[in-house]
Amino acid sequence: MTIKNYINGNFHNPIQENWLDNYNPSNGEVYGQIPNSSNEDVENAYIAAKSAFPSWSQISIEERSRILIKISELLEANLDRFAAAESKDNGKPISLAKAVDIPRAASNFRFFGNAITQFASESHESVGLQAVNYTLRQPIGVVGCISPWNLPLYLFTWKIAPAIAAGNCVVAKPSEVTPMTAYLLGEICNEAGLPKGVLNIVHGLGTTTGQAIIEHEDIKAISFTGGTATGAHIAKVAAPMFKKLSLELGGKNPNIIFADCDYEDMLDTTVRSSFANQGQICLCGSRIFVEASIYEKFKVDFVERIKALKVGHPAEASTNIGALVSKSHLKKVKEFIEIAKTENGTILCGGNEVTIKDFENGYYLEPTVIEVPTNECRVNQEEIFGPVVTIMPFLTEDEVLQMANKVKYGLSATLWTNNLKRTMRMSNQLQTGIVWINTWMLRDLRTPFGGMKASGVGREGGFEALRFFTEAKNVCIKY
Ligand code: NAD
């Protein structure tokens, strides 16, 4: 299957006819080609976006909202097709793509289609000065959106929907590892009546296509989700051009379990927060800290639950753990398991590749639980981003708070306790952009989403995203 760039409402081969292989992680086979777009392709996407901007930024909010909600409805109507494509491209269980990824992509368009109708600007009567001030929230113009491979359509649309809702036109690049559903989105946008050029999708490597987007002088804002090192590089390139930046980066999230929690609820959720999407979610609780008094019991119960998870072909309904996204990623995750052994970590379960009959070349790995001697070890400090979690005990609230915060990342934290005062104390002090208490990944799209420290800059979600994709202009009238 050959994927093409979506520019000005049409599908195009890359100008230089450079192509990349697209792999199916479930069997390791090449099943398609994708463009490795050059500066010229990005320039064409930019020109289309620039031409579409005057009219898109001026059409009524109701009309913009209507089109976004239409895209959402069409995604819902095409759920099966999109879920199958996402699962094949990424290796995630089809059940997950169907229940989470594609519905969430549809919700992103519906949510921002509605949110834009409520996005009011402030005004201030300057009492005593005979003046009134009001704030205009104007779209930026052409903006760039760059997304990763782990939740392909979910995160791609989480950027595109607010960008176009706010009246911008977009040059977007999905991950070269998982381009398929972004490609299919083009058709849906045409069917929904999105005017040509409002959304342009260019495919290719980060170092060629992505680099051309971030270096483009007239793409005035970049919304990026991906690795911390890439985020740092983008910030460096963008700073001299004073681009607006939103960076959603890596995580190494603590999952803190106190003895007074609802144990069964905690256990169920911890299985999910550790291994959903093969552990390839930036929000996964990859460092589990358990209060010493229940540590041994938790260890036994958790390992038993993890051993019962089924690693299998992503298209099978009974599969809990599908394939990792790529061969190179599988290698990286396995290297971390070896590092853990050299650091006196104990592999409590997993650690090995899995061979699935008829799909022997797929990228399958057992869900792996490592007991670590200290929070300072590399597997507790570096992002692994795979089906690997660490566990260790703690004695006091102060001790676990210190360990939770002693890491360069600051994306999310989960806390399991029924002690209200502790909940309040700890959520105030945890250095993360999101704190979940007695739950995980419960998302309300109105809330600010993002990380502190090396997990990023800026917030997505709700009006935060609409603020990012607009320039605030103060108008002061003296009367
Ligand atoms: P990555 O940084 O390698 O790539 C992300 C995107 O950036 C891809 O589209 C890639 O092609 C592009 N890119 C790479 N180099 C570029 C460059 N020089 N210029 C412009 N674009 C470039 O990340 P990945 O491996 O695709 O994704 C995994 C990472 O994403 C993990 O670190 C994970 O924690 C993070 N992530 C963060 C969040 C969040 O919300 N904070 C969500 C999901 C994933």
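Do we have any residue at all in the range 99-110 that's acidic (Asp, Glu), buried (at least 17 other Cβ atoms within 10 Å of the Cβ), at pLDDT 95 or above and not assigned by TED's automatic domain parsing to the domain that holds SER318? Yes, some residue in the range 99-110 is acidic (Asp, Glu), buried (at least 17 other Cβ atoms within 10 Å of the Cβ), at pLDDT 95 or above and not assigned by TED's automatic domain parsing to the domain that holds SER318.
Looking at ALA259, is it more than 12 Å from the ligand (Cβ to nearest atom), of a type outside the set (Asp, Glu) and in contact (Cβ under 8 Å) with a residue 24 or more places away in the chain? The answer is yes for ALA259.
Results for (1) at pLDDT 95 or above; (2) in contact with a Cys (Cβ under 8 Å, 6 or more places away or on another chain); (3) hydrophobic (A, V, I, L, M, F, W, C), shown as yes or no for each residue.
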position	(1), (2), (3)
ALA52	yes, yes, yes
LEU79	yes, no, yes
LYS88	yes, no, no
ILE94	yes, no, yes
ALA97	yes, no, yes
GLY128	yes, no, no
LEU136	yes, no, yes
ILE140	yes, no, yes
VAL143	yes, yes, yes
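Return the only residue of CYS261, CYS169 being outside the structural domain of LYS50 (by TED's automatic domain parsing) and surrounded by 19 or more Cβ atoms within 10 Å (Cβ to Cβ). Only one candidate qualifies: CYS261.
Say whether the condition of being more than 21 Å from PHE469 (Cβ to Cβ) and either assigned to a loop (DSSP other than H, G, I, E, B) or hydrophobic (A, V, I, L, M, F, W, C) (or both) is met by at least one residue in the range 55-71. The answer is no, given that none of the residues of the range 55-71 is more than 21 Å from PHE469 (Cβ to Cβ) and either assigned to a loop (DSSP other than H, G, I, E, B) or hydrophobic (A, V, I, L, M, F, W, C) (or both). Out of LEU199, LEU245, LEU249, I need the residue that is touching a strand residue (DSSP E or B) at 6+ places or on another chain (Cβ under 6 Å), on the phi < 0 side of the Ramachandran plot and near the ligand (Cβ under 9 Å from one of its atoms). Which one? Of the residues listed, the single one that is touching a strand residue (DSSP E or B) at 6+ places or on another chain (Cβ under 6 Å), on the phi < 0 side of the Ramachandran plot and near the ligand (Cβ under 9 Å from one of its atoms) is LEU249.
For the range 109-120, the criterion of being under 22 Å from PHE463 (Cα atoms), β-branched (Val, Ile, Thr) and in a helix (DSSP H, G or I) is satisfied by at least one residue.
Looking at the range 88-143 only, could you name the residues that are of a type in the set (Lys, Arg) and either in contact with a helix residue (DSSP H, G or I) (Cβ under 6 Å, 6 or more places away or on another chain) or on the phi > 0 side of the Ramachandran plot (or both)? Hits for the range 88-143 are LYS92, LYS98, ARG104, ARG110. Exactly one residue among ILE140, ILE94 is of a type outside the set (D, E, K, R), crowded, with 19+ Cβ neighbours inside 10 Å, assigned by TED's automatic domain parsing to the domain that holds LEU245 and more than 25 Å from LEU247 (Cα to Cα), and that residue is ILE94.
Hey, among the residues in the range 431-451 that are more than 16 Å from the ligand (Cβ to nearest atom) and in a loop (DSSP other than H, G, I, E, B), which one's nearest to the chain's Cα centre (by Cα)? Ranking the qualifying residues of the range 431-451, first place goes to ARG446. On inspection, LYS236 does not qualify as under 20 Å from ARG459 (Cβ atoms) and either open to solvent by 40 Å² or more (accessible area, probe 1.4 Å) or away from the ligand (no atom under 12 Å from the Cβ) (or both). Of all the residues in the range 390-430, those that are open to solvent by less than 50 Å² (accessible area, probe 1.4 Å), within 15 Å of the ligand (Cβ to nearest atom) and not hydroxyl-bearing (Ser, Thr, Tyr) number 4.
Go through the range 269-294 and give me each residue that's open to solvent by less than 10 Å² (accessible area, probe 1.4 Å) and assigned to a helix (DSSP H, G or I). THR270, SER273, SER274, PHE275, ASN277, GLN278, GLY279, listed by residue number.
Scanning the range 50-73 for residues that are of a type in the set (A, V, I, L, M, F, W, C) and under 17 Å from LEU185 (Cα atoms) returns ILE67, LEU68, ILE69, ILE71. Candidates in the range 206-233 are the residues that are of a type in the set (A, V, I, L, M) and surrounded by 17 or more Cβ atoms within 10 Å (Cβ to Cβ); of these, the one that is nearest to the chain's Cα centre (by Cα) is ILE222. Candidates are the residues of the range 176-192 that are open to solvent by less than 10 Å² (accessible area, probe 1.4 Å) and not aliphatic (A, V, I, L, M); the one that is farthest from SER65 (Cα to Cα) is THR178.
How many of the residues making up the range 216-233 are of a type outside the set (Val, Ile, Thr), free of Cβ contacts under 8 Å to residues at least 40 places away in the same chain and within 11 Å of the ligand (Cβ to nearest atom)? Number satisfying all stated conditions: 3. Listed by first and then second residue, the pairs linking a residue in the range 332-350 that is assigned to a helix (DSSP H, G or I) to a residue that is of a type in the set (Gly, Ala, Ser), with Cβ atoms under 8 Å apart and 6 or more places separating them unless they lie on different chains, are LYS332/GLY386; VAL333/GLY386; PHE336/GLY386; ILE337/GLY351.
Of the strands (runs of 3 or more DSSP E) that lie entirely inside the range 1-46, those containing 1 or more residues that are buried (at least 20 other Cβ atoms within 10 Å of the Cβ) span 5-7, 19-24, 29-35. Scanning the range 287-318 for residues that are touching a Ser or Thr at 6+ places or on another chain (Cβ under 7 Å) and touching a residue at least 24 places away in the same chain (Cβ under 8 Å) yields a total of 8.
The values are calculated or read from the model by the stated rules, or taken from the named source; none is laboratory data. Everything quoted here is computed from the prediction, not taken from an experiment. In this analysis, Cβ positions are derived from the backbone assuming ideal geometry, glycine residues included, and neighbour counts consider all displayed protein chains. Areas reflect the complete protein model, heavy atoms only, side chains present, ligands, DNA and RNA absent. Shrake-Rupley method; radii C 1.70, N 1.55, O 1.52, S 1.80 Å.
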